[in-house]
Amino acid sequence: MPRRVNLASPESNDVMTHPLDCIFDPRGIAIVGASHNKTKRGYQAVRALQEAGYKGRIYPVNPKGGELLGLHVAKSIAEIEGDPELALVCAPARAVPEILEDCAAKGIRAAVVLALGFRESGEQGAALEAEISEIVRRTGIRVVGPNTSGVLNLPKKLNLVGARGVRTGNLALLAQSGNMTLALITQATARSNQGFSVVVGVGNQTDIAYHEYLEYLETDPHTTAVLMCVEGFQDGQKFLETARRVTPKKPIILLKMGRSKAGRASAKSHTGAIAGSYPVLHSALKQVGVIEVTRTDEQFHVGETLARQPEIKAGLGVAILSDGGGHATVATDSLAEAGVPLARLSEKTQDRLREILSPAANVAGPVDVAGAADMDPCIFIRCIEALMEDEGVGGVLWIGLFGGYHIRFAEELVSAEEETAAEVLKVASSAGKPLVVHSLYARKRSEPVRILSRGGVPVVESLNVACRCITAAYERGQFLSRRLELPAVEIKPAWRGFDAARREGRRALLLTEATDLVREYDISIAPSRLCASAAEAAHYVEETDGRVALKVVSAAISHKTDAGGVLLNIREAEEARSGFDQIRQNAAEYADAHSLNHDFEGVLASPMLPQPLAEVIVGIKRNSQYGLVLMFGLGGIAVEVLRDVVLRILPISRADALEMIDQIKAAPLLRGLRGRPPVDYDALVDLMMGLADCAMSNPDIAELELNPVFAYADRAVAVDVRAFLKKPSREASVKA
């Protein structure tokens, strides 16, 4: 029987500072599947470790034994003469389970499994992967992958990827795609002075998932920012929890692959239809401070910006410095579309710029030097100094030809450009504000460009990418300025009214049940009464002073308007009688047309409310990957058409709820337009927090929606509610 490996309590006397140190800083490595064939990973891995200067012992393993690159080759894992902590498994998928068993028996704490052919390849592969999971559970051995490109820890001279010439730096990279890993390493080598601390091909995440690697990087002294290329998470909630803790200390820059293919769970409410997996992740990333990029050419440069440049302090804007009006206009448009404000330059700054530049120059911003640098690039030193010293400037985007004036005009200008680069570094460093440089000559990697790059300033060939870099510095500043503490979660007693639905096999609560549910959590909803007959409906109208609304009560019908299940402005008893019969007939026809059970319970009668200032929607969807998702937006029947909504992962604070209200496109309508009063924000927040309490206190709830909510100047009242329960059986996880 293999002995269990305990990562937290090693049998040796050495103290491990982190459970994953056996992967990132192992004392010894077994290369299982070592080979004399130079094209095989089993050869390349040994060579790469030796070339990198790895300080630990290397133990090649191959049934033929012998010697490899000056090292004794053990014929089996059991025959290794030493105690490796990590194994690199260079073997076919079918051999992996037995190898992991042997590793665990030897006391090897972790394994990096390169092989393909697991769940990504079909049922047989999935069975093999399940076998690996069982070995991990039983023995305690940790597994990177399978289907991984390997692991790099450059400060520790650990190279289990086999790549050559990777520059050491302070960016970490976690990626599922080997090609994306290679692309980012290539970008770093060709276009920057920045390099990498740790690189991990996370592969299938059969054992170790993204959040665990992130926990390691949180305290890694060599890492100042983390790049992530993600296809899916094994545990999205755990990742978000970890990211929320890490992002205040270290930026995370994430590229989500497969956004357009993200699956959506079947949804019976508007909330469920809108809150698909990727929209939820997109909102959640912003909520926890992760910087999301959508283009492969952006990620590395955004990462090097946030790794070595400060953020833009909240309340400040970006100053653009250009040697051409066209580029300045494009940059202005790009920043405006991203919601990044341009800095308003003070009169003092504008006066300084007028003294430096010709009368033709635009000094109000964007600042255009109007050709003044063509013969004297040093003019940029004084311009950047003036901009950096302006109290309203949070950062500078410098765009144009820098680094190429000596190429474009005269070779003699190279010394002036070098001087400019060195002095600008001092100015930016002293100001403590970010500087991003766009240059048409960035790819040339001239010495002026190299000086800036060595000093931590990104120099980017694409203007759009340069704009994304300075935007990321702005986004990070906005995030860090917000209060980061999570609100205290108070789980209230669960509602006891689900029994009837469970007993009858219903996932949908009746309108009457859903109304009782939300009232239990102090949610303001219109008064109502169930009328089981036409006579009861008529009697309700007679005793009510004013107009009445009638709504169908049927577990089979969630969208009542679509089924002809709503009648408004009922004034007379006879209208109520005929209306009741009409709703019952409409419901029966709708049920027959859609092959639904006809379970008409009656109508819910309620007084008509006054015309609101606005109709909004508040809903909650339980996402299998990320937990409870709160949606707020413009409501009514057009919600799925307009999709003017914002999403947040629960729990949230009242400040978060207020921010959600202000972030929808229709927010000006809620604030009051053309003499109309604003809606009662506090009442809306009360309603949102009440719905959140309800969902968090009732694990049975899958979807819960208030739509429409009538928003008034002095209150907010839910007019309709839908509630759906989770399936009784455990549903399979859907990876975003």
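Brief remarks on what is shown
- Residue match in the range 386-397 (condition: surrounded by 24 or more Cβ atoms within 10 Å (Cβ to Cβ), among the aliphatic types (A, V, I, L, M) and farther than 18 Å from ALA328 by Cβ): no
- All of ALA556, ALA591, ALA549, ALA605 fail the test of being surrounded by fewer than 22 Cβ atoms within 10 Å (Cβ to Cβ) and assigned to a strand (DSSP E or B), apart from ALA549.
- Just one of the listed residues (VAL73, VAL144, VAL113, VAL46) is crowded, with 18+ Cβ neighbours inside 10 Å and over 25 Å from THR168 (Cα atoms), namely VAL73.
- Scanning the range 52-93 for residues that are of a type in the set (Lys, Arg) and closer than 30 Å to ARG167 by Cα yields a count of 2.
- ALA573 being outside the structural domain of LEU687 (by TED's automatic domain parsing), in contact with a His (Cβ under 9 Å, 6 or more places away or on another chain) and surrounded by fewer than 22 Cβ atoms within 10 Å (Cβ to Cβ): yes
- Positions within the range 547-590 being touching a Lys or Arg at 6+ places or on another chain (Cβ under 8 Å) and either small (Gly, Ala, Ser) or without any contact (Cβ under 8 Å) to a residue 12 or more places away in the chain (or both), in sequence order: ALA555, SER558, GLY565
- Restricted to the range 510-525, and to residues there that are within 35 Å of the chain's Cα centre (by Cα) and in a loop (DSSP other than H, G, I, E, B), the residue that is surrounded by the fewest Cβ atoms within 10 Å (Cβ to Cβ) is ASP522.
Yes/no per residue for (1) in a helix (DSSP H, G or I); (2) surrounded by 23 or more Cβ atoms within 10 Å (Cβ to Cβ); (3) modelled with pLDDT under 95:
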position: ASN193; (1), (2), (3): no, no, yes
position: VAL198; (1), (2), (3): no, yes, no
position: GLY203; (1), (2), (3): no, yes, yes
position: TYR213; (1), (2), (3): yes, yes, no
position: THR223; (1), (2), (3): no, no, no
position: GLY263; (1), (2), (3): no, no, yes
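- Set THR305, THR271: member being outside any loop (DSSP other than H, G, I, E, B) and modelled with pLDDT of 95 or more: THR305
- Here the strands (runs of 3 or more DSSP E) wholly within the range 77-187 that include at least 3 residues being closer than 18 Å to ARG27 by Cα, at pLDDT 95 or above and more than 25 Å from the chain's Cα centre (by Cα) are 86-89, 110-113.
Quick grid of which residues meet (1) in the same structural domain as LYS249 (by TED's automatic domain parsing); (2) on the phi > 0 side of the Ramachandran plot; (3) touching a helix residue (DSSP H, G or I) at 6+ places or on another chain (Cβ under 7 Å):
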residue: LEU154; (1), (2), (3): no, no, no
residue: LEU160; (1), (2), (3): no, no, yes
residue: LEU171; (1), (2), (3): yes, no, yes
residue: ILE185; (1), (2), (3): yes, no, no
residue: ALA190; (1), (2), (3): yes, no, no
residue: SER197; (1), (2), (3): yes, no, yes
residue: GLY201; (1), (2), (3): yes, no, yes
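- In the range 422-433 there is at least one residue that is crowded, with 21+ Cβ neighbours inside 10 Å and within 31 Å of the chain's Cα centre (by Cα).
- Flag if GLY289 is under 30 Å from THR223 (Cβ atoms), in contact with a helix residue (DSSP H, G or I) (Cβ under 7 Å, 6 or more places away or on another chain) and surrounded by 18 or more Cβ atoms within 10 Å (Cβ to Cβ): yes
- First in the range 529-543 and assigned by TED's automatic domain parsing to the domain that holds LEU568 and free of Cβ contacts under 8 Å to residues at least 12 places away in the same chain, second anywhere and assigned to a helix (DSSP H, G or I) and hydrophobic (A, V, I, L, M, F, W, C), Cβ under 6 Å, 6 or more apart: none
- Which numbered condition VAL340 misses (of (1) under 21 Å from the mean Cα position of the chain (by Cα); (2) part of a helix (DSSP H, G or I); (3) crowded, with 18+ Cβ neighbours inside 10 Å): (2)
- Here VAL616 meets each of (1) crowded, with 17+ Cβ neighbours inside 10 Å; (2) outside any strand (DSSP E or B); (3) not basic (Lys, Arg) with one exception, condition (2).
- Of the residues making up the range 42-59, those that are of a type in the set (D, E, K, R) and part of a helix (DSSP H, G or I) are ARG47, GLU51.
The values are calculated or read from the model by the stated rules, or taken from the named source; none is laboratory data. Since the model is a prediction, treat every value here as computed from it, not as a measurement. Note that each Cβ is placed from the backbone with ideal geometry, even for glycine, and that neighbours are counted across all protein chains shown.
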